[in-house]
Structure formats: C-alpha cells, structure tokens
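Single-structure report; data block below.
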Amino acid sequence: MIVRPVAPTEVPALVALARRTYAEAFGADMAPDDLRFIIAEKLTAAYFEQAMREDVVLVAEEDGTSVGFVQLGDNRISEAGAPGDQEVRRLYVLADWQGRGVGGAMMKAALAHPRVLPDATVLLTVWEDNARAQAFYRRHGFETVGACELMLASGPADGRELIMARRPAYNP
C-alpha cells in the first residue's frame, strides 16, 4: 500500500471515494435527507479543489485502487487549539478495507507531513457514538479535550462531536 498526495486530475475519483466512504460510515445512522445533503453539497469537486489549495489531501492506494483518504490543514475548531495547530478534517477508509492498516498508514503519513511542526498540536472531531474511531485515534496518541455541537443540514444532531488532540510531546 502507498499513501501519496492526490493530484489535481484525480479530483473526480476523490469525490467518488469521499461520497462512498461517507455513506458507508454514516448512512445507517443519519437521516436520509441529511446524508443526501452532505454528499451533494459538501463532498463536491469544488470543495476538494479548494481543499487541495489550502490543505494536504492524501490517498491510500492498494494495487492502483484508492481505498481511503485523509485531509489535514490549519485548525478550524473554534473551541480548541492555538495558532499553528493542525486539524485532521477527514480520514475515511472503504468499509471493505477497514481493519487492514489503511487508516493507520494514512494517519502516520499525515502526522509526519512537514506541515505538522514539532510543537504543533493536531486536533480532530469525532462523533461521540463512533467508539471504533475514538479507539483508533487514541491508539495514535489523541485524547479527548472537549466537545462541540454536531450540526447537520436539518439542524443540531442528537449527539455531539468530541474534540480530540494529539499533543506535541506524544512520541509513539
């Protein structure tokens, strides 16, 4: 498996991967209208073209097939962090590839990226009911430092998002 930057010409494939992985991750737990809105309005070519100008977007490939992606950029979580901190905005793996080291390889590549300075904290948010993702992030040195409201197209969700942070002192 390789983890590499997404090329601008690969945006259509990235959009398809993002939509599929998001639907696999949340399709059973999200209202159909909210899921359709996010897929149609938030996971678009325009979104990823902008993201690739501002952030680092990496894709994991196995035998030429994209099986996951991670997006890392300047922290935008208003409830936590400091200037210079980074945020893992998205980390998704195709359901058939979960538990096979893809997520770990992508997280390792993201955290090793030159954008992540040695004294920077890396933050992320995760749905409070996603215990599997929380355990994954803890294995990579993240700890829960707060919570924020989870907003959907239909308004506030029943649950919250946990804010997790990986402090600079963490050394696996």
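The values are calculated or read from the model by the stated rules, or taken from the named source; none is laboratory data. Source: prediction; values computed, not measured. Cβ placement follows ideal geometry from the backbone for every residue including glycine, while neighbour counts extend to all protein chains displayed. These area figures cover heavy atoms from the full protein model, side chains too; ligands, DNA and RNA do not enter into them. Shrake-Rupley method; radii C 1.70, N 1.55, O 1.52, S 1.80 Å.
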* Structure fact -> Across (1) within 20 Å of PRO5 (Cα to Cα); (2) modelled with pLDDT under 95, GLU87 clears everything bar (2)
* To do: Hey, can you tell me all the residues within region 67-87 that are farther than 22 Å from ASP129 by Cα and surrounded by 18 or more Cβ atoms within 10 Å (Cβ to Cβ)?
  => VAL67, LEU72, ASN75, GLY81, ASP85, GLN86
* To do: Could you pull out the residue among THR44, THR9 that is open to solvent by 50 Å² or more (accessible area, probe 1.4 Å) and either farther than 25 Å from VAL122 by Cβ or touching a Pro at 6+ places or on another chain (Cβ under 6 Å) (or both)?
  => THR9
* To do: Could you identify the single residue in ALA45, ALA28, ALA13 that is among the small types (Gly, Ala, Ser), more than 18 Å from the chain's Cα centre (by Cα) and at negative phi?
  => ALA28
* Structure fact -> Considering residues that are assigned to a loop (DSSP other than H, G, I, E, B) and touching a His at 6+ places or on another chain (Cβ under 9 Å), the number found within region 57-116 is 0
* Structure fact -> Going through region 129-145 in order, the residues found to be outside any helix (DSSP H, G or I), surrounded by fewer than 16 Cβ atoms within 10 Å (Cβ to Cβ) and modelled with pLDDT under 95 are ASP129
* Asked: In this structure, is LEU14 within 23 Å of MET164 (Cα to Cα) and surrounded by 14 or more Cβ atoms within 10 Å (Cβ to Cβ)?
  -> no
* Taking ASP34 as the residue in question, decide whether it is part of a loop (DSSP other than H, G, I, E, B) and either modelled with pLDDT of 95 or more or charged (D, E, K, R) (or both). => no
* Asked: Considering only region 57-66, how many residues are closer than 13 Å to THR21 by Cβ and open to solvent by less than 30 Å² (accessible area, probe 1.4 Å)?
  -> 2
* Quick one: how many residues across region 47-56 are open to solvent by less than 40 Å² (accessible area, probe 1.4 Å) and either in contact with an Asp or Glu (Cβ under 9 Å, 6 or more places away or on another chain) or part of a helix (DSSP H, G or I) (or both)? -> 3
